[in-house]
Each structure stands twice: as structure tokens, then as C-alpha cells.
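The values are calculated or read from the model by the stated rules, or taken from the named source; none is laboratory data. Treat the numbers as computed from the prediction; the structure is a model and nothing was measured. When we count neighbours, we look across all protein chains shown, and the Cβ atoms used for this are built from the backbone with ideal geometry, even at glycine. The protein model used for the area step is the full one, side chains on, heavy atoms only, and it has no ligands, DNA or RNA in it. Shrake-Rupley method; radii C 1.70, N 1.55, O 1.52, S 1.80 Å.
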Amino acid sequence: MSYTKFGIRPELVERIKFKMKNPVIKDRIKMLMNGVNKYDLQDRAKVRKLVRTAAGIMQENLTEQQEEQIIAFVLAQKIDPNNTLHLIRLWAMFR
């Protein structure tokens, strides 16, 4: 599944990928995601909180619609952060 099918604009993804190259931002996002498990990533409220916090770290102003699109994308992926194959699939999607 591509993120564009969820209405997420490629420009937003490119901006975030560029910001993630900054080591300070990358470390803050890693700390935010530390301890997150697959059950957290299937809980809409927790995903919403993670998206809002990550957007704040990256100084991205997301509209309500963009936020909902990202949340729907994360929930649909059924990501398990402890499963290497899931992480490789995500990496390939955004490289």
C-alpha cells in the first residue's frame, strides 16, 4: 500500500524525509518511538498523540485532514516495530 492511496502528498513526505536527516530531530523522534509496540500502533488515540508530537518535533503544521490521513495510513499498515520485515517494507516504501 502506498501512502499516496491515503491522500498523503509526496511533498509532505519529502519535507519530512529531509528533516529526518537532521541528527537532532532524528534522535528526538527515536526517543518518542522508544517502547512503542504493535498494539500502540493499532490504537487510534495513541497514534494521534504520536503524530501530533512528531509533527511538533519537526515543526510541521498538519491540518486535521492530513493528520487523519496519516493516522489511517499507520493503522492500515498493521506495523510491528519489533518485526524486521515490517520495518524493511516501510523503509522500501519511503526510500
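Scanning region 21-39 for residues that are surrounded by 15 or more Cβ atoms within 10 Å (Cβ to Cβ) and out of contact with any Leu (no Cβ under 8 Å at 6 or more places or on another chain), we see that the one that is nearest to K78 (Cα to Cα) is I29. Whether any residue in region 2-14 is of a type in the set (S, T, N, Q) and open to solvent by less than 50 Å² (accessible area, probe 1.4 Å) is what I want to check. Within region 2-14, one or more residues are of a type in the set (S, T, N, Q) and open to solvent by less than 50 Å² (accessible area, probe 1.4 Å).
Scanning region 1-37 for residues that are in a loop (DSSP other than H, G, I, E, B) and either closer than 21 Å to E67 by Cβ or in contact with a strand residue (DSSP E or B) (Cβ under 7 Å, 6 or more places away or on another chain) (or both) yields M1, S2, G7, I8, R9, M20, V36. Taken over region 40-80, the criterion of being assigned to a loop (DSSP other than H, G, I, E, B) and open to solvent by less than 50 Å² (accessible area, probe 1.4 Å) is satisfied by M58, E60, L62, I79, D80.
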